[in-house]
1. Give me the residue from the stretch A:136-146 that is assigned to a loop (DSSP other than H, G, I, E, B) and not aliphatic (A, V, I, L, M) and, out of that set, most open to solvent (accessible area, probe 1.4 Å).
2. Pull out all pairs, ordered by first then second residue, where Cβ-Cβ is under 7 Å, the residues are six or more apart or on different chains, the first lies in the stretch B:103-119 and is within 13 Å of chain A (Cβ to nearest Cβ), and the second is part of a loop (DSSP other than H, G, I, E, B) and surrounded by 15 or more Cβ atoms within 10 Å (Cβ to Cβ).
3. Residues in the stretch B:147-165 that are among the polar types (S, T, N, Q) and open to solvent by 40 Å² or more (accessible area, probe 1.4 Å): how many?
4. Of all residues in the stretch B:83-135, how many are more than 21 Å from A:L196 (Cβ to Cβ), surrounded by 18 or more Cβ atoms within 10 Å (Cβ to Cβ) and aliphatic (A, V, I, L, M)?
5. All but one of (1) more than 7 Å from chain A (Cβ to nearest Cβ); (2) part of a helix (DSSP H, G or I); (3) crowded, with 17+ Cβ neighbours inside 10 Å hold for B:S175; which doesn't?
6. Please specify each residue of the stretch A:1-60 satisfying the condition of being among the basic types (K, R) and at the interface with another protein chain (Cβ under 7 Å from one of its Cβ atoms).
7. Looking at (1) in contact (Cβ under 8 Å) with a residue 12 or more places away in the chain; (2) outside any helix (DSSP H, G or I); (3) open to solvent by less than 30 Å² (accessible area, probe 1.4 Å), which is the only condition A:L74 fails?
Number of protein chains: 2
Amino acid sequence: MAQFSAEDIQSAQSEFRRNLINSATGFKSVSLIGTANKEGETNLAIFSQIIHLGASPALVGILFRPHTVVRHTLENIIATKSFTINHIDADNYREAHHTSARWDESEFISCGFELSYVDGIGAPFVKGAPVQIGLKYEQKHDLTINGTHLIIGSIQYLNIADEAISEDGFIDLESLGVVTCSGLDSYHTTLKLARLSYAKADHQPKDIT
Amino acid sequence: MAQFSAEDIQSAQSEFRRNLINSATGFKSVSLIGTANKEGETNLAIFSQIIHLGASPALVGILFRPHTVVRHTLENIIATKSFTINHIDADNYREAHHTSARWDESEFISCGFELSYVDGIGAPFVKGAPVQIGLKYEQKHDLTINGTHLIIGSIQYLNIADEAISEDGFIDLESLGVVTCSGLDSYHTTLKLARLSYAKADHQPKDIT
């Protein structure tokens, strides 16, 4: 086994540390965030720091790195109060990764994603994305410990292929080809082990079929 | 396609809404959090709301539901300033899921996980877990919008199978059988598509091999 202390981590070469710590916390959701500025110029950016905050009200959190340089997505969300989350699948993860390069024009154009709009949601969606979520900006929490920002949005709109929604509301993301990522740059599809029943002390969890 | 407005979501049956919104944000990391109270009584609980907050310093965030009932993990972290994150693999995800039942004794015993300890880390680890992270409690942010709590910990110790660490620091979680989850109860292994090079505008991302 390889063991690292806090000192080992802090004194490691920065690229090594970045890869190590980014992959240490496990597999992550990875999605394209669509925004526009007040002039209507669109932006599309890949994010893996997305977290479920609650179902009622339906809230999502996104962690942004310190706002010490231009961050179009963060600025657009605050300016227009609107953003979209669009899932990535095995057919377009390369183009999705490419949105993180420095582009002069909109990543929708540079990386070949088609736009779509929904009534009442200002920000643009990725047309054909297997899951599209439209959100309203609610709050920003500044995490003073390292200068990052947690943006909280409320879900205003959800669009999912019918056949992927179970009777109990579960979305079968795997059947839609939705990818997960690890670290900064590794993309994976999934292989289902099982859905397990609500855990009780008097019996083993059963498979939900 | 199935479309849901904010009103559709809020008026849905609560189990349907919980499953829908918990699975909407994509695949998640899922891990066992080990803690002990001041008397040394251990606790082990499964969490999927874990987020990478930064690499330097190495920080992790965990989202807790509102502290309106007894929450042993949260209380132990605040009382002892120590907790561990232990990844789950395809061999023990059923036992890991079972920790979420209401147990009288420690989940280490009830669910059959062996304890291990590391010098300088007060909280217990899951022996044999493919990735073990020891953390020090740093901060709690109360998210007033829905009463949840974001706990921030700094990484003090990291233990990973040697063969899973690439030269550049990337941890090959897939080779260790680490699982991801979706929704509240669905567990998955992964199938790697590719690691992609740092994105630049003048060429397509290349595979990192």
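1. A:T144
2. If the second residue must be part of a loop (DSSP other than H, G, I, E, B) and surrounded by 15 or more Cβ atoms within 10 Å (Cβ to Cβ), the pairs left are B:E107/B:T99; B:S110/B:W103; B:C111/B:T99.
3. So the count comes out to 1.
4. Here the count works out to 5.
5. Only one criterion in (1) more than 7 Å from chain A (Cβ to nearest Cβ); (2) part of a helix (DSSP H, G or I); (3) crowded, with 17+ Cβ neighbours inside 10 Å is unmet by B:S175, namely (3).
6. Scanning the stretch A:1-60 gives A:R17, A:R18, A:K28.
7. Here A:L74 clears every test but (2).
Yes/no matrix, rows are residues, columns are (1) modelled with pLDDT under 95; (2) farther than 18 Å from B:F47 by Cβ; (3) assigned to a loop (DSSP other than H, G, I, E, B):
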position: A:L32; (1), (2), (3): no, yes, no
position: A:E39; (1), (2), (3): no, yes, yes
position: A:I46; (1), (2), (3): no, yes, no
position: A:G54; (1), (2), (3): no, no, no
position: A:G61; (1), (2), (3): no, no, no
position: A:H67; (1), (2), (3): yes, yes, yes
position: A:V70; (1), (2), (3): yes, yes, yes
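The values are calculated or read from the model by the stated rules, or taken from the named source; none is laboratory data. Remember, predicted model here, so these are calculated numbers, not experimental data. Glycine gets a Cβ as well: all are built from the backbone with ideal geometry, and neighbour counts include every protein chain shown. Each accessible area value is taken on the protein alone, full model and side chains, heavy atoms only, with ligands, DNA and RNA left out. Shrake-Rupley method; radii C 1.70, N 1.55, O 1.52, S 1.80 Å.
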